[in-house]
Amino acid sequence: MIAKLKGLIDSVGDDWAVVDCGGVGYLVSCSARTLARLQTGAAAALLVETHVREDAILLYGFLEAGERDWFRLLTTVQGVGAKVALSILSVAPPEQLLQIMAAQDRAGLTRANGVGPKLAVRILTELKDKAGKIALGGFVPGAASGASVSALPAASGPLEDAVSALVNLGYKRLEAFQAAGEAARELGDAAEASALIRAALKRLGKDLTR
């Protein structure tokens, strides 16, 4: 099984790249995010996930272990094949996917081609508890230095009430969840929804007291 390819990028297409390894060209499917970082003629090292079928051997390439791990996790969900998993990774990088899972943000997933509302719910339901186990090595945007992405709390109780209120005010669920989650860390577990809303609105650029 091929686990890694290191060589020169021979060519890049809409959803693939050819990696020249000692004169042998390997066709590798990649997310748009990965492809944007590959340059024809430049050296690259891709982590590879190999899928063997009766009629083909398919290679999927990743520049980061986090993206590869999310690919593996996404493809465990019924209805999510390799193509859909790459589509999801094209619109949401690994660090954002963890936040999407915690926020149960369907809209964040349905931006990907091939993901409808029903499949988005299935992904969120099946992966919510598994997602935190992935070692991403990233950080929550706006969090204090050294804060793990897994530190963002799941939405429930006052936090969920605050998120729902912010969504009703017109904010996207993911940005509402991020702002309210950061407010919850700052104010503590005993904070009421009203306090979380005020603190979150300040983070989002609005002050409820004005």
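The values are calculated or read from the model by the stated rules, or taken from the named source; none is laboratory data. Since the structure is predicted, the reported quantities are computational estimates derived from the model, not experimental observations. Every residue, glycine among them, receives a Cβ derived from its backbone with ideal geometry; neighbour counts consider all protein chains shown.
Values as computed for the structure displayed
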read-out	value
Selected residue [among the small types (Gly, Ala, Ser) and in contact with a helix residue (DSSP H, G or I) (Cβ under 6 Å, 6 or more places away or on another chain)] from 3, 32	32
Residue satisfying condition, being closer than 26 Å to residue 99 by Cα and not assigned by TED's automatic domain parsing to the domain that holds residue 101, within set 47, 73	47
Residue that is nearest to residue 71 (Cα to Cα), among those in region 15-57 that are in contact with a Cys (Cβ under 9 Å, 6 or more places away or on another chain) and of a type in the set (A, V, I, L, M, F, W, C)	46
Residue identified as within 28 Å of residue 57 (Cα to Cα) and at pLDDT below 80 among 136, 152	136
Failed item, numbered, when residue 69 is tested on (1) more than 26 Å from residue 119 (Cβ to Cβ); (2) within 23 Å of the chain's Cα centre (by Cα)	(1)
